[in-house]
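Reviewing the structure listed below.
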Amino acid sequence: MYSEKVMDHFSNPRNVGEIENADGVGEVGNAHCGDIMKIYLKVEDDKIVDVKFKTFGCGAAIATSSIATEMIKGKTIEEAEKLTNKAVVESLDGLPAAKMHCSVLAEEAVKAAIEDYRNKNNK
Ligand code: FES
């Protein structure tokens, strides 16, 4: 039911952890399943030079946050802001319908971290 990519990112999640003194932090949750996702950004010259995440949630939430961090690493804030849950799902070679909301959480966590960065830097 899960693609190999989902299993890979679930079993070996990339960029797990926290960033001390992060330039932007976003935390979002889903009221239905209770899962929580937190994303930390390190930004230099409007470019995401490092990103880490912590997810307290299901396997798909871990896989989507893992791949989302890979997709925005090295990107500019403007580029990262365009990340959609659809792109996340495509990069994972699909998700079961019941797990689509997990990818929405990843998109929202990235957007929340970017918003926090913008607020902190008056951008
Ligand atoms: Fe809710 Fe996956 S079941 S984020």
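The 3J(HN,Hα) values that the Karplus relation (6.51, -1.76, 1.60; θ = phi - 60°) gives for the range 46-53 are, in residue order, 6, 10, 7, 8, 8, 8, 9, 9 Hz. Gly and Pro appear as x. Modelled spin-label separation between residue 90 and residue 120, with each label point placed 7 Å from Cα along the Cα-to-Cβ direction: 3.1 nm. The mean accessible area for residues of the chain, using a 1.4 Å probe and ignoring ligands and nucleic acids, is 52 Å² per residue. On the principal axes of its alpha-carbon atoms, the range 34-110 has extents of 39, 22, 15 Å, going from largest to smallest. Of the DSSP H helices in the chain, those with a Cα length along their own long axis of 15 Å or more and a mean Kyte-Doolittle hydropathy reaching -1.0 comprise 59-72, 100-121. Please report, as a whole percent, how much of the solvent-accessible surface of the chain comes from carbon and sulfur atoms (probe radius 1.4 Å). Carbon plus sulfur share of accessible area: 48 percent. Distance between the C-alpha centres of the range 5-26 and the range 42-109: 9 Å, rounded to the whole angstrom.
Compared with the direct C-alpha span, the chain from residue 5 to residue 36 gains 9.0 nm at full extension, assuming 0.36 nm per residue.
The values are calculated or read from the model by the stated rules, or taken from the named source; none is laboratory data. Given the structure is predicted, the values throughout are model-derived calculations rather than measurements. Backbone-built Cβ (ideal geometry, glycine too); neighbour counts: all protein chains shown. SASA here: full protein model, heavy atoms, side chains in, ligands and nucleic acids out. Shrake-Rupley method; radii C 1.70, N 1.55, O 1.52, S 1.80 Å.
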